[in-house]
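Below: one structure, written as structure tokens.
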Amino acid sequence: MTAQAGGRERDQAGAPRRRPVQQRSQERYERLLDACAGLLDEVGATALTTKEVAQRAQVPIGTLYQFFSGKESLLAALAARNLDRYLDRLTRRITAEAPPGVAGFVDLAVEEFVAMKRAVPGFGHLDFGLVDRVPADLADDEHLLSADLDNNSTVALRIQEIGGGLLDPTAFPLAVRVGLECADAVLKLAFRTDPDGDPALIAECKRLLRCYLSDPLPS
């Protein structure tokens with residue numbers, strides 16, 4: 001969940017110190033996140049260091065620490081940006097295509113996630129949370145997006161905001177959370193066996209979500 005520009009981010013240990021206001025500072029902030037994403041693809045989360053990120057972004061290490069308290073804070077900001085961009089992409093697809101009910105919404109949600117896995121730097125290692133083995137120097141990788149909720153719970157609530165009208169309102173938040181946990185597991189398997197995502201497993205993920213989220217809650 002994001003804060004307003006110029007304000008402080010989530011009230012948690014891993015949160016960024018502040019968001020920049022001036023254009024030059026904003027550009028440096030985004031360069032740092034871009035550098036972090038690129039290095040994740042090259043060395044993974046365990047070997048990633050703030051020093052390397054600053055060098056890749058061509059900014060002084062002191063500038064990095066103006067924005068981020070450390071590695072966890074940097075990864076938290078990248079995860080938040082990834083989620084914002086995913087939801088923006090999904091919202092634009094929904095607006096343009098007006099998907100028919102749950103099945104259409106599920107297909108678009110999975111397709112946009114898969115597209116980002118294939119094309120967005122670093123997303124294979126860090127989507128809305130860490131995909132790989134958790135580095136020992138991270139205090140709490142399950143709360144990168146929120147101090148109060150784990151990563152998947154936070155994502156489920158954000159998806160609810162844009163897809164609530166297509167789903168049974170009595171199903172929130174439990175059904176979306178359970179569906180997200182299932183999709184997370186299947187899609188991790190899909191990309192573990194195929195760098196571009198195993199098409200059969202991606203199709204099964206869609207089918208699983210369609211069936212589960214279309215089924216009305218028991219009375």
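For (1) under 30 Å from T193 (Cβ atoms); (2) assigned to a helix (DSSP H, G or I), each residue gets a yes or a no:
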{"site": "K51", "(1), (2)": "no, yes"}
{"site": "R89", "(1), (2)": "yes, yes"}
{"site": "D107", "(1), (2)": "yes, yes"}
{"site": "E111", "(1), (2)": "yes, yes"}
{"site": "P121", "(1), (2)": "yes, no"}
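Does at least one position in region 184-201 carry a residue that is open to solvent by 50 Å² or more (accessible area, probe 1.4 Å), closer than 26 Å to D41 by Cα, assigned to a loop (DSSP other than H, G, I, E, B) and not acidic (D, E)? Yes, because at least one residue in region 184-201 is open to solvent by 50 Å² or more (accessible area, probe 1.4 Å), closer than 26 Å to D41 by Cα, assigned to a loop (DSSP other than H, G, I, E, B) and not acidic (D, E).
Kindly establish whether T50 is open to solvent by 10 Å² or more (accessible area, probe 1.4 Å), of a type in the set (V, I, T) and modelled with pLDDT of 95 or more. Talk me through it step by step, then tell me what you get.
On the way: open to solvent by 10 Å² or more (accessible area, probe 1.4 Å): yes; of a type in the set (V, I, T): yes; modelled with pLDDT of 95 or more: yes.
Taking the combined requirement at face value, the residue satisfies it.
Within region 123-135, the set of residues being in a loop (DSSP other than H, G, I, E, B) and aliphatic (A, V, I, L, M) comprises V131, V134.
Just checking, how many residues over region 91-103 are in contact (Cβ under 8 Å) with a residue 12 or more places away in the chain and part of a helix (DSSP H, G or I)?
The initial filter retains those residues of region 91-103 that are in contact (Cβ under 8 Å) with a residue 12 or more places away in the chain, namely 91, 93-94, 99, 101-103.
Retained after the next criterion (residues that are part of a helix (DSSP H, G or I)): 91, 93-94, 101-103.
Within region 91-103, residues that are in contact (Cβ under 8 Å) with a residue 12 or more places away in the chain and part of a helix (DSSP H, G or I) number 6.
Taking (1) assigned to a helix (DSSP H, G or I); (2) in contact with an Asp or Glu (Cβ under 7 Å, 6 or more places away or on another chain) in turn, L138 satisfies each apart from (1). Candidates are the residues of region 202-219 that are open to solvent by 50 Å² or more (accessible area, probe 1.4 Å) and more than 26 Å from A119 (Cα to Cα); the one that is modelled with the lowest pLDDT is S219.
Is it true that some residue in region 61-80 is aromatic (F, W, Y), open to solvent by 40 Å² or more (accessible area, probe 1.4 Å) and touching a residue at least 12 places away in the same chain (Cβ under 8 Å)?
yes
Looking across region 129-142 at every residue that is crowded, with 16+ Cβ neighbours inside 10 Å and at pLDDT below 90, the one that is nearest to G104 (Cα to Cα) is identified as D141.
The values are calculated or read from the model by the stated rules, or taken from the named source; none is laboratory data. Everything numeric in this text was worked out from a predicted model, so none of it was measured. Here the Cβ is made from the backbone with ideal geometry for all residues, glycine too, and neighbour counts use every protein chain on show. For the accessible areas, the whole protein counts, side chains as well, though only heavy atoms, and no ligand, DNA or RNA atoms are used. Shrake-Rupley method; radii C 1.70, N 1.55, O 1.52, S 1.80 Å.
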